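Remarks on the structure that follows.
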Amino acid sequence: MYFVYIIYSTKLDNYYVGTTDNVERRLGEHNSKMYLDSFTCKGIPWELKLSYLCEKSEIAYKLERFIKRMKSRKFIVKIIDDKTILDDICQNKL
């Protein structure tokens, strides 16, 4: 199983969208200084805002790309508030 996740940094006032097979581990990696040159290293602490389960990694990666292509903070807030939007996207757009 794969997940699309959205995390938020109050320090940066920014969201980050990613894909993983283990949300807790990945959030820990973002909140550690494991990757010193990464974007997320600058925004510690990150908090999990959304975790969306996908049946296959291909679907998760496509959904992640779809969300990132929207380039919209309003869209991200909307899907955090209503996960059913992601169900519709997976059924009709991917």
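Quick notes
- For the range 2-93, the relative contact order works out to 32 percent when only alpha carbon pairs closer than 8 Å and six or more residues apart are counted.
- Here the convex hull built on the C-alpha positions of the chain has a volume of 92 cubic angstrom per residue.
- Qualifying GluC sites (Glu not before Pro) for the range 1-80 [loop in DSSP, other Cβ within 10 Å: at most 10]: E55
- Scalar couplings 3J(HN,Hα) for the range 43-48, obtained by applying the Karplus form with A = 6.51, B = -1.76, C = 1.60 to θ = phi - 60°, are x, 4, x, 9, 10, 6 Hz; x denotes Gly and Pro.
- Cleavage-rule hits (trypsin sites (Lys or Arg not before Pro)) in the range 39-94: DSSP loop, at most 10 neighbouring Cβ within 10 angstrom: K56, K71, K93
- With neighbours defined as other Cβ atoms within 10 Å of a residue's Cβ, the residues C41, C90 order from fewest to most as C41, C90.
- Dipole size of the chain about its Cα centre, with +1 on Lys/Arg Cβ and -1 on Asp/Glu Cβ: approximately 400 debye, rounded to the nearest 20.
- Against the main long axis of the alpha-carbon atoms of the chain, helix 57-70 sits at an angle near 80°.
Quick note: the coordinates plus some simple rules give every number you see, no bench work behind them. Here the structure is a predicted model, which is why all the values come from computation and not from measurement. Methodologically, a virtual Cβ is constructed for each residue, glycine included, from the backbone with ideal geometry; neighbour enumeration extends over all protein chains shown.
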